[in-house]
Amino acid sequence: MLPLVSIGIPVYNAESTIASCIESALAQNYANLEILISDNTSTDATSQICKEYQGSDNRIRYFKQDKNIGALNNFNFVLEASKGVYFRWLGSDDVISSNSVSESVKVLERNTNFAACASPTFFDYEYTNGQNPIEFMLEGSQYSRIQNFFRQPGRSHGLFYSLIKRDLLLRYPITGKDFFGWDWCLVMFLLSNGPIAFAQSTSLILGSNGASSTNAIYRQYNLIGLRRILPFWRFTVLTIQSGKEWAAGARFLLYFKLVTFNLINLLKEFRTIRQKIGKIKCLAINFLAKH
């Protein structure tokens, strides 16, 4: 019998996108499937839409939280409530191709040392414009996995939304910590435990209007003023703490990449600050010249 797969959909006020998301999960050409939806006290029509789908398909398990438990806890809720051998999160504004689960299961069943299987990933506007998807080649050694991840970490969303071994996710040691870059930290934990494969014939289309796609993510984590100088500090520390499975050589490379990454971000922030100071000086000079 095919192993049970769980799709977890944490949702909050997504009335315009949740139907497409649920339909893409229901359209999977994989039989042994459960879909868990956790509504984090939505105030729009999200609850009604989810209940309608629940009533039409017994694969759906719908939960309405009594109070807002926060985004991270909502993600954790669907994981902990799941029963599958494999698990994947699906964002409430994202959609997956109908073969996403079946092809990913095939890959993981053939390669038992793999931690997860991801899909080529688009943002919605990239898909509409016919752009090529983002792909990460993370099937090699620990050393090469680290190298390839840090080539474009900002486009790693598809790795977080992989089909993942559920028992491995449950071993993640810092599940309850919410911080800027927590999704990256989880991906690095997965990579320390095994390669992440790609099911080339599948696709994941990400919604581009979420907080993580805008500067709102900085406000969400209170990364304003001087806190913007080293926003990835907690990600750096906790990635090191949770990466017990890295070999010595890979661990050295990881430390180097993390330090370099923080320094590059630091220089960018200083450059931004200088530009802002320069604009303020120009405005002050113009004001004084007129008065």
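The values are calculated or read from the model by the stated rules, or taken from the named source; none is laboratory data. From a predicted model like this one, the values you see are computed outputs, not experimental measurements. Note that each Cβ is placed from the backbone with ideal geometry, even for glycine, and that neighbours are counted across all protein chains shown.
In the range 1-19, how many are more than 19 Å from the chain's Cα centre (by Cα) and not in a loop (DSSP other than H, G, I, E, B)? So the count comes out to 1. Remark: Lys165 matches the filter, which requires a residue to be out of contact with any strand residue (DSSP E or B) (no Cβ under 6 Å at 6 or more places or on another chain), surrounded by 15 or more Cβ atoms within 10 Å (Cβ to Cβ), farther than 19 Å from Arg251 by Cα and of a type in the set (Lys, Arg).
Which one is farthest from Arg145 (Cα to Cα), of the residues in the range 212-251 that are at pLDDT below 60 and of a type outside the set (Val, Ile, Thr)? It comes out as Leu226.
For the range 255-274, the criterion of being surrounded by 15 or more Cβ atoms within 10 Å (Cβ to Cβ), modelled with pLDDT of 70 or more and outside any helix (DSSP H, G or I) is satisfied by no residue at all. Being of a type in the set (Val, Ile, Thr) and either surrounded by fewer than 24 Cβ atoms within 10 Å (Cβ to Cβ) or at pLDDT below 95 (or both) is the filter here; which residues of the range 1-34 pass it? If the condition is that a residue be of a type in the set (Val, Ile, Thr) and either surrounded by fewer than 24 Cβ atoms within 10 Å (Cβ to Cβ) or at pLDDT below 95 (or both), then Thr17 is the only one that fits. The single condition among (1) assigned to a strand (DSSP E or B); (2) in contact with a Gly (Cβ under 6 Å, 6 or more places away or on another chain) that Ser38 does not meet is (2).
Among the residues of the range 120-147, the ones that are under 17 Å from the mean Cα position of the chain (by Cα) and without any contact (Cβ under 8 Å) to a residue 40 or more places away in the chain come to 1 in all. Specify the residue that is nearest to the chain's Cα centre (by Cα); the eligible residues are those in the range 96-119 that are over 16 Å from Ile205 (Cα atoms) and in a loop (DSSP other than H, G, I, E, B). Among residues in the range 96-119 that are over 16 Å from Ile205 (Cα atoms) and in a loop (DSSP other than H, G, I, E, B), the one nearest to the chain's Cα centre (by Cα) is Ala115. Which ones in the range 23-53 are of a type in the set (Val, Ile, Thr) and either in contact (Cβ under 8 Å) with a residue 40 or more places away in the chain or on the phi < 0 side of the Ramachandran plot (or both)? Once the filter is applied, which keeps residues that are of a type in the set (Val, Ile, Thr) and either in contact (Cβ under 8 Å) with a residue 40 or more places away in the chain or on the phi < 0 side of the Ramachandran plot (or both), the range 23-53 yields Ile35, Ile37, Thr43, Thr46, Ile49.
Mind listing whichever residues of the range 49-69 are in a helix (DSSP H, G or I), over 15 Å from Ala14 (Cβ atoms) and not small (Gly, Ala, Ser)? Before you say what the answer is, go through the steps one by one.
Within the range 49-69, the subset in a helix (DSSP H, G or I) is 49-56.
Keeping just the survivors that are over 15 Å from Ala14 (Cβ atoms) gives 54-56.
Once the filter is applied, which keeps residues that are in a helix (DSSP H, G or I), over 15 Å from Ala14 (Cβ atoms) and not small (Gly, Ala, Ser), the range 49-69 yields only Gln54.
All of Ile134, Ile174, Ile146 fail the test of being closer than 25 Å to Gly249 by Cα and modelled with pLDDT under 90, apart from Ile174. Residues in the range 70-95 that are part of a loop (DSSP other than H, G, I, E, B), modelled with pLDDT of 95 or more and over 18 Å from Leu190 (Cβ atoms): Lys83, Ser92, Asp93, Asp94. Of the set (1) under 21 Å from Leu168 (Cα atoms); (2) without any contact (Cβ under 8 Å) to a residue 12 or more places away in the chain, all apply to Phe75 but (2). Restricting attention to the range 161-187, the residues that are touching a residue at least 60 places away in the same chain (Cβ under 8 Å) and within 16 Å of Phe232 (Cβ to Cβ) add up to 4.
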